[in-house]
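The structure under discussion appears below in the form of C-alpha cells.
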Amino acid sequence: MAEGSGEVSLADVETAFRKFAVHGDTKATGKEMNGKNFIKLCKDCKVIDGKTVTSTDVDIIFSKVKAKSARVITFEQFTQAMAELATKRFKGKSQEEAVQLLYGLIAGKEPANVGVTKVAKVSAVDRLTDTSKYTGSHKERFNESGQGKGRSGREDIPDTSGYVSSYKGQGSYDSKVKEDE
C-alpha cells in the first residue's frame, strides 16, 4: 500500500511481521522477532529514512520495548515500538495518523534478498559431466555420444598375442611352422 492510503488493517501488518520474523531463521515460528530482523523490516519498509529515523534509533527502541532478559519481541511489543517510531518518523502528525502512515509502509511487504549471490544458470554438475569438454586420457573413456566405454575406456588392455604391435605378419606363425615341417 502507498504511503497515506488511509486505514491499514492490523492483520496486514501482522502478516508482514510474521514474514520478517521467520526470515533467515529455520527454527523461527513467526510469533517473535529478533533485533536483526526488526532492523531489516525497518530498512526494507523504508521506516529508516536516514534523517529522522536511523538504525541506531530503531535499535534503541527495540531494546526499550523488549523484556530485560529477552532477545526477541512479540507482536504486541512490535506495535509499541511502531507507535514510538511513528511519532519520530512523521513529526507534526497526530499519534494515530502517524501510526497509520507507518503501518501503510509496512503492510504487504516481504523481506528482500538484495545482494544475495545468484544461483548459476547451468549447474556445476552439468559442466563437470559434459564429456565434450574432456581432454587427454579422460576423453578416451567416452564415445562421441557421451556414453562411457566401460572397462575398455578405463584400462589399457595389453595385447597378449606375442607379437610386436607394428608387426605385419601377425598371426602367421602357425602357417610358417607347418611349411617348415
- Residues located in region 82-107, provided they are small (G, A, S) and more than 30 Å from the chain's Cα centre (by Cα): A83, A86, G92, S94, A98
- Read through the list (1) free of Cβ contacts under 8 Å to residues at least 40 places away in the same chain; (2) open to solvent by 60 Å² or more (accessible area, probe 1.4 Å); (3) of a type outside the set (A, V, I, L, M); (4) not in a loop (DSSP other than H, G, I, E, B), then give the number of the only condition that T26 fails. (4)
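Using the structure shown, decide if T74 is closer than 30 Å to D12 by Cβ and either hydrophobic (A, V, I, L, M, F, W, C) or open to solvent by 50 Å² or more (accessible area, probe 1.4 Å) (or both). It would help to see each step written out before you state the result.
Values: closer than 30 Å to D12 by Cβ: yes; either hydrophobic (A, V, I, L, M, F, W, C) or open to solvent by 50 Å² or more (accessible area, probe 1.4 Å) (or both): no.
Here the answer is no, as T74 does not meet what is asked.
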- Query: Taking region 147-164, which residues are at pLDDT 75 or above and either part of a loop (DSSP other than H, G, I, E, B) or among the polar types (S, T, N, Q) (or both)?
  - Reply: Q147, K149, G150, P158, D159, T160, S161, G162, Y163, V164
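Return a yes/no flag: does region 151-160 have any residue that is surrounded by 10 or more Cβ atoms within 10 Å (Cβ to Cβ) and more than 30 Å from R127 (Cβ to Cβ).
Quick first cut of region 151-160, residues surrounded by 10 or more Cβ atoms within 10 Å (Cβ to Cβ) only: 152-154, 159.
Among the residues that remain, those that are also more than 30 Å from R127 (Cβ to Cβ) are: 159.
Looking for residues that are surrounded by 10 or more Cβ atoms within 10 Å (Cβ to Cβ) and more than 30 Å from R127 (Cβ to Cβ), one finds at least one in region 151-160, hence yes.
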- Quick check, is F62 closer than 21 Å to D12 by Cβ and either in a helix (DSSP H, G or I) or open to solvent by 40 Å² or more (accessible area, probe 1.4 Å) (or both)? no
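The values are calculated or read from the model by the stated rules, or taken from the named source; none is laboratory data. Since this is a predicted model, take the numbers as computed values, not measurements. Cβ coordinates were reconstructed from backbone atoms using ideal geometry, including for glycine residues, and neighbour counts include every protein chain displayed. Just the protein is used for accessible areas: all its heavy atoms, side chains included, with ligands, DNA and RNA removed. Shrake-Rupley method; radii C 1.70, N 1.55, O 1.52, S 1.80 Å.
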